[in-house]
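Just so you know, all these numbers are worked out from the coordinates, no wet-lab data involved. Just so you know, these numbers come straight off a predicted model, no measurement behind them. Neighbour counts run over all protein chains shown; Cβ positions are idealised from the backbone, glycine included.
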């Protein structure tokens with residue numbers, strides 16, 4: 001549409017066009033564009049789960065302190081709320097962006113640690129998002145002895161069940177199932193980790209930081 005008449009710029013910055021014979025009284029054209037709202041990207045820290053034996057708490061704390069500014073660190077003694085289920089917490093290991101496994105003899109003999117390992121292994125890409133930190137590379141030696149350890153645990157549990165005069169015991173039955181699962185998977189767990197580049201503690205912290213930065 002074309003307007004004829006005098007253009008008068010008002011104090012507000014608008015342009016008023018006055019037409020003859022009162023055909024067009026005024027048309028207000030805003031020179032200021034309507035501001036477009038922009039969504040600010042939310043800051044995102046990768047979630048990192050530290051899986052460790054309590055015997056290695058000092059190393060776990062050292063790694064946590066090294067990365068807490070660049071990652072959302074999940075570590076049991078700080079992440080778990082009072083009264084929370086430790087089992088449910090351990091099941092979240094597969095949901096994290098990165099998992100740090102502090103592999104030691106006590107880790108491989110811990111039911112809780114190996115339960116976390118089993119939960120992690122449910123993720124088809126678990127090996128790709130896991131960084132294994134070792135205290136000694138000989139942890140991968142004699143994998144068969146690790147199976148034998150859990151075979152003994154399984155045997156002891158079976159004997160307890162057989163001696164149980166009260167009939168079915170859910171706690172012992174669940175424990176037996178976990179021991180069997182650990183026995184069947186621990187070799188594969190160690191074999192997969194040993195095929196990848198594992199760093200020794202404490203030098204591994206630099207590898208962990210660099211990995212977090214590219215997530």
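Descending by average beta-carbon neighbour count within 10 Å, the peptides 63-72, 150-159 line up as 63-72, 150-159, the highest first. Note on residue 161 and residue 148: the model spin-label points, each 7 Å out from Cα along the C-beta direction, lie 2.4 nm apart. Applying 1/(1 + (r/R0)^6) with r as the Cβ-Cβ distance of residue 213 and residue 172 and R0 = 41 angstrom yields a FRET efficiency of 0.35. Annotation: the range 78-167 has a Kirkwood hydrodynamic radius of 15.4 angstrom, from the mean reciprocal C-alpha pair distance.
In the range 66-215, Rg over Rh equals 1.01, where Rg is the alpha-carbon radius of gyration and Rh the Kirkwood radius from pairwise Cα distances.
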